[in-house]
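The values are calculated or read from the model by the stated rules, or taken from the named source; none is laboratory data. Note that the structure is a prediction, hence the values are computed from the model and not measured. Every residue, glycine as well, gets a Cβ built from its backbone with ideal geometry; the counts of neighbours run over all protein chains shown. Only protein heavy atoms, including side chains, enter the accessible area calculation; ligands, DNA and RNA are left aside. Shrake-Rupley method; radii C 1.70, N 1.55, O 1.52, S 1.80 Å.
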Amino acid sequence: MAITRRGALRASLAGGVGAAFSAVAPVPAWSAPASPPRPGDAAASLRLLEQGNRRWRRHASRHPNEGRGRRRELVHGQAPFAVVLGCADSRVPPELVFDRGLGDLFTIRSAGQVLDGSVLGSIGYAAEHLAVPLIVVLGHASCGAVTAAVEAHRTGEVPRGHVGYLVEEILPVVDATPDDGGDFVDACVRANAVHIADRLREDEDLRGLVESGSLDVVPARYDLETSEAVWL
């Protein structure tokens, strides 16, 4: 069948638009490179977090495990390779800080990483039932909860209500931290992360896993200015 001049023009325009669209269309998230299989121990898990944080600092995040295939896979279950107990602060989302995707991190967040029954139960579930080999306690610079505890330490006045509960949980760490004239709040941030990690290692539900070597607990501090997570 002969093609009319008008039909040829339409075909040409359609082809041109398609070519132009394919040239400028963004790459879909599901085409991002897949991450390697779940690491088998805490050291390998820690390396993945270090690599992800390095990409985050360099503004080179890959956003792995966000695609269609990963979503379908997770319908049938989960196998995260690390627990991250982080602060509720909106500036420190673990999946972004460590450049990880769906199903990678079992994330629990409370202001100042304060432990209570719900937090401990969530961590225990991940360690015992999901066999997660690594727990990261992620404190961060300029933590509001720690700052409030420092203020209470200096004034002797504890806030009322639920915020007061957070302050009372952090206050013993602040009281035990030497004030050498430097950045006392940041010293308390670090001390708080270390203290919480120590408590988790000694928790009755976790101690056996730690002693057997199947679980490690590592404290860290995230710097808001540099975007770096430093292990303590």
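Using the Karplus curve 6.51 cos²θ - 1.76 cosθ + 1.60 with θ = phi - 60°, work out ³J(HN,Hα) for each residue of segment 145-150 in order, rounded to whole Hz, and write x for Gly and Pro.
Rounded to whole hertz, the list is 5, 5, 4, 5, 5, 5.
How much accessible surface area, in Å² rounded to 10, belongs to the heavy atoms of Glu202 with a 1.4 Å probe?
Using a 1.4 Å probe on the heavy atoms, I get roughly 110 Å².
For Ala176, project a label point 7 Å along Cα to C-beta. Then give me every residue of segment 187-229 with its amide nitrogen under 15 Å of that point.
Under 15 Å, as judged by backbone N against the label point of Ala176, lie 188-203 of segment 187-229.
Tell me the Rg and the Dmax, in Å, that the Cα atoms of segment 41-149 produce.
14.3, 45
Considering all projection directions equally, how large on average is the shadow of the alpha-carbon convex hull of segment 129-181, in square nanometres?
Answer in nm², one decimal: 5.7.
For segment 89-227, how big is Rg over Rh, using alpha carbon atoms and the Kirkwood form of Rh?
Using Cα coordinates only, the ratio equals 0.97.
For segment 112-217, state which chymotrypsin sites (Phe, Trp or Tyr not before Pro) are in a DSSP loop and have at most 14 other beta carbons lying within 10 Å of their beta carbon.
Sites meeting the loop and neighbour criteria: none at all.
Averaged per residue, what accessible area in Å² does segment 42-231 show with a 1.4 Å probe, protein chains only?
Heavy-atom SASA per residue in segment 42-231 reads 49 Å².
Between Ser118 and Asp198, with labels modelled 7 Å along Cα→Cβ, what's the label distance in nm to one decimal, could you check?
2.8
Measure off 7 Å from each Cα along the Cα-to-Cβ vector at Tyr165 and Arg207, then give the distance between these two points in nanometres to one decimal.
About 2.6 nm separates the two model spin labels.
Using a/c under 1.5 as the rounded threshold, could you call segment 63-120 rounded, prolate or oblate? The axes a ≥ b ≥ c are square roots of the C-alpha gyration tensor eigenvalues, and prolate needs a/b larger than b/c, oblate otherwise.
oblate
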